[in-house]
Amino acid sequence: MKFCCLANQLLIGTGLILACGQYIHAQNAPVTTVGSVVAVPASEVTVPFTVTGFSNIGSLSLHIDFDPRVLTYLDAVNILPGLSGIMVNDNHVSDTLHKIMATWSSVTPLNLADGTHLFDLKFLTLSGITWLTFNNEVNHGIECEYSNAAGNPLNDLPTSTFYVNGQVSVFTVPAVFDIPFATINNGETNCYNASQTLTAGGIGKTFTVQSGGTATLIAGSNIRILPGSRIYQGGKLHGYITTTENYCLPASIPSVLSSFKQAMEPATAPDIPLACKVFPNPTTGKFTVESSFAGSGGIRITIHSVIGEKLYDGILPASGKIGCSLEKYPEGIYLLNVVRENESEVKKIIILRR
């Protein structure tokens, strides 16, 4: 067991570090990484665990937290033969927290090549997003540990260096989806899904991939590329018909989702070029869209989920405001598209109730 302390002392000639009264071997623990997976509801997914720096290891103890409202644990599969006798158990902590415990030991130390796959955890998906977290900061990493052949615990502090968390995102794919006004700029990557028919472009719509941008279209039956779509030289457009429900999530979203707690913006978001603002943002569900435009021209606003489902479509009067509600939808990121004449802007709306 490890404890938080302010200073460690290297004992010369022993290969041990004295940390808060406990001897920890100066050898570093392996770096253990959990994969990230995107899936649809009611499907089985496997989450891989891989390692680097796995040298002369005699035992391991890994504890992984997850939200049972998003996933149901099924089994550990594809276990590395060298981990014979490993025990993996799902432990109920609360209605919002389960802890998977994986333990293994051997009298014969194990050496593995970097990138070796230890095992997969198989889950049944429900809905939402959950981290697969090795350690909470508050427990200072006491739940995870590697030891060498002599049974000495290995150095694994700071825990974020040696235990890399993963994430499972579960989302519903619309049957038919017309991509709204979209521009993928240089350096950006985005993808769109539909379980049946996916359409880019069309009357009154534009779909543009700039040089250096990448767009991926995945559908279960049909992909339609209509007038209004334009792929510039140097831009990339990939299209796939899936028969295995292998879909993707827009690449810009996970980085936002991974920092919900750090994403708290001011109560009033800064004005965007179209002189519209959304407040409060983040919101628990109700918010106001306001325009400071003068004149008679109206502004069209639409709200979509990150997978493209249209949730609202209306006209905001110039110099006016309108109240909106997403209270019936779950926490997450939603996209507000603001269009006036030949100008458009997209803003993120964050629904956060914790």
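The values are calculated or read from the model by the stated rules, or taken from the named source; none is laboratory data. Just so we're clear, the structure is a prediction, and the values are computed from it rather than from any experiment. Backbone-built Cβ (ideal geometry, glycine too); neighbour counts: all protein chains shown.
Here's a check for you: in region 151-166, which residue that is assigned to a helix (DSSP H, G or I) and either out of contact with any helix residue (DSSP H, G or I) (no Cβ under 9 Å at 6 or more places or on another chain) or surrounded by 14 or more Cβ atoms within 10 Å (Cβ to Cβ) (or both) is modelled with the highest pLDDT?
Among those that are assigned to a helix (DSSP H, G or I) and either out of contact with any helix residue (DSSP H, G or I) (no Cβ under 9 Å at 6 or more places or on another chain) or surrounded by 14 or more Cβ atoms within 10 Å (Cβ to Cβ) (or both), it is 162.
Just to verify a result, which residue in region 25-40, among those that are touching a helix residue (DSSP H, G or I) at 6+ places or on another chain (Cβ under 8 Å) and surrounded by fewer than 19 Cβ atoms within 10 Å (Cβ to Cβ), is farthest from residue 169 (Cα to Cα)?
28
Table: residues versus (1) touching a Pro at 6+ places or on another chain (Cβ under 9 Å); (2) free of Cβ contacts under 8 Å to residues at least 60 places away in the same chain; (3) buried (at least 18 other Cβ atoms within 10 Å of the Cβ); (4) under 19 Å from residue 50 (Cα atoms).
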{"site": "64", "(1), (2), (3), (4)": "no, no, yes, yes"}
{"site": "67", "(1), (2), (3), (4)": "no, no, yes, no"}
{"site": "70", "(1), (2), (3), (4)": "no, no, yes, no"}
{"site": "129", "(1), (2), (3), (4)": "yes, no, yes, no"}
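For residue 124, indicate whether it is in contact (Cβ under 8 Å) with a residue 24 or more places away in the chain and surrounded by fewer than 19 Cβ atoms within 10 Å (Cβ to Cβ).
The answer is yes for residue 124.
Keeping to region 85-105, report how many residues are polar (S, T, N, Q) and either at pLDDT below 95 or farther than 14 Å from residue 58 by Cα (or both).
Total satisfying the criteria: 4.
Can you find a residue in region 92-106 that is touching a Lys or Arg at 6+ places or on another chain (Cβ under 6 Å), farther than 17 Å from residue 170 by Cα, surrounded by 13 or more Cβ atoms within 10 Å (Cβ to Cβ) and not acidic (Asp, Glu)?
no
If you scan region 314-333, which residues turn out to be exposed (fewer than 14 other Cβ atoms within 10 Å of the Cβ), in a strand (DSSP E or B) and modelled with pLDDT of 85 or more?
Across region 314-333, the qualifying residues are 323, 325.
Is it the case, given these coordinates, that residue 48 is modelled with pLDDT of 95 or more and of a type outside the set (S, T, N, Q)?
Against the criterion (modelled with pLDDT of 95 or more and of a type outside the set (S, T, N, Q)), residue 48 qualifies.
Out of 148, 89, 185, report the one residue that is of a type outside the set (Gly, Ala, Ser), over 30 Å from residue 304 (Cα atoms) and surrounded by fewer than 17 Cβ atoms within 10 Å (Cβ to Cβ).
Within the list 148, 89, 185, the selection yields 89.
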